[in-house]
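Q: Encoded as structure tokens, here's the structure I'll be asking about.
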Amino acid sequence: MSTYRTLRREDSHGVAVIHFNNPPINLVDRALLVDLIALTKALEADQDIRVVIFRSDHPDFFLAHYDLAGEVGGKPRPLPEGMASPLSTLLTRISRLPQVTIGELQGRARGAGSEFLLALDMRFASRERGLLGQPEAAVGLLPGAGGTVRLAQLLGRARALEVCLGCHDFDAELAERYGWINRALPDAELPAFVDALARRIAGFPASSITHVKAVVNKVTEPDPQALIEESQRFVGNMYSDETLKRVAWMVEQTNKSGSTMEMNMGPLLDRYPAEI
Amino acid sequence: MSTYRTLRREDSHGVAVIHFNNPPINLVDRALLVDLIALTKALEADQDIRVVIFRSDHPDFFLAHYDLAGEVGGKPRPLPEGMASPLSTLLTRISRLPQVTIGELQGRARGAGSEFLLALDMRFASRERGLLGQPEAAVGLLPGAGGTVRLAQLLGRARALEVCLGCHDFDAELAERYGWINRALPDAELPAFVDALARRIAGFPASSITHVKAVVNKVTEPDPQALIEESQRFVGNMYSDETLKRVAWMVEQTNKSGSTMEMNMGPLLDRYPAEI
Amino acid sequence: MSTYRTLRREDSHGVAVIHFNNPPINLVDRALLVDLIALTKALEADQDIRVVIFRSDHPDFFLAHYDLAGEVGGKPRPLPEGMASPLSTLLTRISRLPQVTIGELQGRARGAGSEFLLALDMRFASRERGLLGQPEAAVGLLPGAGGTVRLAQLLGRARALEVCLGCHDFDAELAERYGWINRALPDAELPAFVDALARRIAGFPASSITHVKAVVNKVTEPDPQALIEESQRFVGNMYSDETLKRVAWMVEQTNKSGSTMEMNMGPLLDRYPAEI
């Protein structure tokens, strides 16, 4: 357990609870990705754990978003033709875990944070504090780790286009109406609800999970070609002048204003190139 | 008409109303299946009836669930490779009837009862009394008569997994939000609403039904391979020790406690192996 | 701009606003189709406009429906085998425009008016005044310009069958619950909401629109064979005796009663052959 730097794992009665803890805002950065890869590998080989809950130790951020700061001024890393990006591939692996995976959203999950949730089996959010967003289009990109594809499948064409192009923050109630999450629940009830659901499923025979996930996956498996195209478009556009300029602005606002930009990214995204 | 033992059929103005009446709880048992097969055959050849309503004479049960009692201690009946189960095949036939089929849910529809509703063209439920559940995972199985596949198509991956793995009872309001039913309606208005819709459609030219169903079916037809895999997994796991033990427990609780287990199956499913 | 007879176009900051204005009820007639074709061609070649809003100058009608009056007594125009109808093909072209297209629904959109909205990228409706309907089945037809296919994809099998076979008027609130529109908004807020969303998207880099639409389209593209079958069934049945008689009745009621039939088409459709 102590091998993780950005998360904490607690196992009990067939349920593993993963607490994200990557201060200051649970950024999806290199350290967190290293941990997620190790966790995924461990879960793939785990025969005892049947259900995995993902929650956050941070009251305001589940997973803030992907750490784009490293890309500004960084060297472009081209993606081989015909391949999905490493992050997209990791999320596909997570979506195929033998366990049932449940996301518990209290706080913000934007960009790759939302895409991580979309790769899980179920998602429940705090009615008062859950917030989802895909801000990629504001910098010339698209959700590139499976998010565009999974949103299109789950929400349908019109709502997926609104989410991915409008880049607004969605509260839990609206996210439920759109199908982005299973359900919005009162903040005070959410952890107990998720714990009870996880323990209940872990108490049923293991074969159920195998059977149900196999058939549901067969019906809802994302088109691998669409995932590849999504990745290729993301990486292919990541190092364009326009995108790098917009990303630099976002990074600068984030650094300068402390948490204002991170807390209210949705409403502020269209202020470019103003100082926040 | 008098050939049916578990249901009653009334035809009027192009609408057939089927009343389920298989005391004590409208179990999907051998007698009811014999009647459903005969009814399906009759409807397939019927040129006069354009709309079929399914409702229940029992205030608490639309169709309780499949009669698993017969499987405990019974001889395993293997399913030939590459085939869907007889029940799954029957529900596929029902989903392809030339008539418009409407389910009116007052009371409980669990397991095969819910899967029957999912094979119909439309489903409306009583806001106060409608209750849906897929309890199969609690005994190591999955909805095996098309339910897993149709729920995955209709509700999307996350909600279908929650329904099939959590095994909770869903009231009509939540079932509507998830897309399991068309709509939840006040109990007092439900029969009149369904009757009016049926009569209205039956008064439109017959060609409409043929055209609309053909095109909607073409777009939403379940993958036959997924239906086969679902059946194979169900039957292949039905006679495992774990499943037979759990089914035996359920049957015992049902017999012993009278209606407690049947009335409140959702909340009680995770009590195994306790006495209810 | 002055080339259009039934609509008005205003461009500003990368957003084109199209106002439908085809008195008395914004019928989808020959004049409007000529304009829509010209507009589509212009937008396909337009590199400056990124977002297109469609709204109506008429308080009660967005687009009433297709002008069927011309078909009564007219000469049947057969559709070559293996082809979608001209209107269906036009709506497919509109769904593939390089711009983001947003429908703002205040008033009625029935038949081809609803199908037009379904071909757009997003649809927002007035909670108080938005009304959608597919009345085709009442005259023996089906929505034939992509509506049956797109409704089946977006709403799922059961709700699409209810919409297409029941032929009821759906208010905005119910249309939102069914997924027919993105969202119902208070009438007073709707235009400002749509304008703000359009301007926001138009202020993001153009590459975002290309990337997001390409991937979402890849995932949600309607099956071309289903669109063809839909058209073929529509045109193949259009000139049957039963349909021509019913259409003649509708046209007559519309002419005679002034706006009663057009205002309340949903509830009145099952009165055939009565005088309204």
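The values are calculated or read from the model by the stated rules, or taken from the named source; none is laboratory data. Note that the structure is a prediction, hence the values are computed from the model and not measured. Don't worry about glycine lacking a Cβ; one is built from the backbone with ideal geometry, like all the others, and counts go over all protein chains shown. Side chains included, ligands, DNA and RNA excluded: accessible areas come from the protein's heavy atoms. Shrake-Rupley method; radii C 1.70, N 1.55, O 1.52, S 1.80 Å.
Q: Spot the failing condition for residue B:35; the list is (1) in contact with a helix residue (DSSP H, G or I) (Cβ under 9 Å, 6 or more places away or on another chain); (2) touching a residue at least 24 places away in the same chain (Cβ under 8 Å), and only one is missed.
A: It fails just one condition, (1).
Q: If residue A:236 passes every condition in (1) in contact (Cβ under 8 Å) with a residue 12 or more places away in the chain; (2) under 19 Å from the mean Cα position of the chain (by Cα) but one, which one does it miss?
A: (2)
Q: Looking at C:42, C:16, which is the one that is assigned to a strand (DSSP E or B) and either surrounded by 17 or more Cβ atoms within 10 Å (Cβ to Cβ) or at pLDDT 95 or above (or both)?
A: C:16
Q: Ok, one more. Would you tally the residues in region B:213-241 being assigned to a helix (DSSP H, G or I), open to solvent by 20 Å² or more (accessible area, probe 1.4 Å), more than 8 Å from every other protein chain (Cβ to nearest Cβ) and within 30 Å of residue B:270 (Cβ to Cβ)?
A: Result for region B:213-241: 4.
Q: A follow-up question, please. For region C:145-161, how many residues are open to solvent by less than 10 Å² (accessible area, probe 1.4 Å) and not aliphatic (A, V, I, L, M)?
A: 3
Q: Right, here's the next one. May I ask you to verify whether residue B:92 is out of contact with any helix residue (DSSP H, G or I) (no Cβ under 6 Å at 6 or more places or on another chain), of a type in the set (Val, Ile, Thr) and open to solvent by 10 Å² or more (accessible area, probe 1.4 Å)?
A: yes
Q: If you take the residues of region A:163-192 that are closer than 28 Å to residue A:16 by Cβ and acidic (Asp, Glu), which of them is nearest to the chain's Cα centre (by Cα)?
A: So, considering only residues that are closer than 28 Å to residue A:16 by Cβ and acidic (Asp, Glu), the one nearest to the chain's Cα centre (by Cα) is A:176.
Q: I've got another one for you. With the checklist (1) in contact (Cβ under 8 Å) with a residue 24 or more places away in the chain; (2) within 19 Å of the chain's Cα centre (by Cα) in hand, flag the one item residue C:160 doesn't pass.
A: Here residue C:160 meets the rest and fails (1).
Q: Determine the pairs where a residue that is over 12 Å from residue A:148 (Cα atoms) and more than 13 Å from chain B (Cβ to nearest Cβ), located within region A:108-121, has a partner that is assigned to a helix (DSSP H, G or I) and among the charged types (D, E, K, R) with Cβ atoms under 9 Å apart, the partner being 6 or more residues away or on another chain.
A: These pairs meet every condition: A:108/A:262; A:109/A:115; A:110/A:262.
Q: Here is a further query. Identify all residues within region C:242-255 that are open to solvent by 40 Å² or more (accessible area, probe 1.4 Å) and within 10 Å of chain B (Cβ to nearest Cβ); write none if there are none.
A: C:242, C:245
Q: List pairs: first in region B:190-211 and more than 18 Å from residue C:140 (Cβ to Cβ), second at pLDDT below 95, Cβ under 7 Å, 6+ apart or cross-chain?
A: Pairs that qualify, where the first residue is more than 18 Å from residue C:140 (Cβ to Cβ) and the partner is at pLDDT below 95: there are none.
Q: A further question follows. What about residue B:113, is it closer than 22 Å to residue B:40 by Cβ, surrounded by 23 or more Cβ atoms within 10 Å (Cβ to Cβ) and out of contact with any His (no Cβ under 6 Å at 6 or more places or on another chain)?
A: No; evaluated as a whole, the condition is false for this residue.
Q: Still on this structure, please answer the following. Could you list, in sequence order, the residues of region A:193-212 that are within 24 Å of the chain's Cα centre (by Cα) and more than 7 Å from every other protein chain (Cβ to nearest Cβ)?
A: Within region A:193-212, A:193, A:194, A:195, A:196, A:198, A:199, A:202, A:210 meet the criteria.
Q: Could you say which residue among B:78, B:86 is open to solvent by 70 Å² or more (accessible area, probe 1.4 Å) and at pLDDT below 95?
A: Only one candidate passes the filter, namely B:78.
Q: Would it be correct to say that residue B:93 is outside any strand (DSSP E or B), closer than 26 Å to residue B:201 by Cβ and touching a residue at least 60 places away in the same chain (Cβ under 8 Å)?
A: The answer is no for residue B:93.
Q: OK, next. Within region B:140-154, how many residues are in contact with a helix residue (DSSP H, G or I) (Cβ under 6 Å, 6 or more places away or on another chain) and more than 7 Å from chain A (Cβ to nearest Cβ)?
A: Number satisfying all stated conditions: 7.
Q: What are the residues in region B:212-233 that are among the β-branched types (Val, Ile, Thr) and without any contact (Cβ under 8 Å) to a residue 40 or more places away in the chain, if any?
A: Within region B:212-233, B:212, B:215, B:216, B:219 meet the criteria.
Q: Same structure again: Do we have any residue at all in region A:77-93 that's among the β-branched types (Val, Ile, Thr) and in contact with an Asp or Glu (Cβ under 6 Å, 6 or more places away or on another chain)?
A: No.
Q: Within region C:96-107, identify whether any single residue is away from chain A (no Cβ under 14 Å), under 22 Å from residue C:16 (Cα atoms) and open to solvent by 10 Å² or more (accessible area, probe 1.4 Å), and answer yes or no.
A: The answer is yes, given that some residue of region C:96-107 is away from chain A (no Cβ under 14 Å), under 22 Å from residue C:16 (Cα atoms) and open to solvent by 10 Å² or more (accessible area, probe 1.4 Å).
Q: Also, quick follow-up: Please go through (1) modelled with pLDDT of 95 or more; (2) open to solvent by less than 40 Å² (accessible area, probe 1.4 Å) for residue C:177 and return the number of the only condition it doesn't satisfy.
A: (2)
Q: Looking at region A:50-57, is at least one residue in a strand (DSSP E or B) and without any contact (Cβ under 8 Å) to a residue 40 or more places away in the chain?
A: No - not one qualifying residue is present in region A:50-57.
Q: Here's a follow-up. Could you list, in sequence order, the residues of region A:256-276 that are within 12 Å of chain C (Cβ to nearest Cβ), in a loop (DSSP other than H, G, I, E, B) and touching a helix residue (DSSP H, G or I) at 6+ places or on another chain (Cβ under 8 Å)?
A: A:272, A:273
Q: Identify, by number, the condition in (1) open to solvent by less than 10 Å² (accessible area, probe 1.4 Å); (2) within 13 Å of chain C (Cβ to nearest Cβ) that residue B:166 doesn't meet.
A: The single condition residue B:166 does not satisfy is (2).
Q: Mind listing whichever residues of region A:120-134 are crowded, with 24+ Cβ neighbours inside 10 Å and either farther than 26 Å from residue C:100 by Cα or not hydrophobic (A, V, I, L, M, F, W, C) (or both)?
A: Listed by number, the residues that qualify are A:121, A:122, A:123, A:124, A:125, A:130, A:134.
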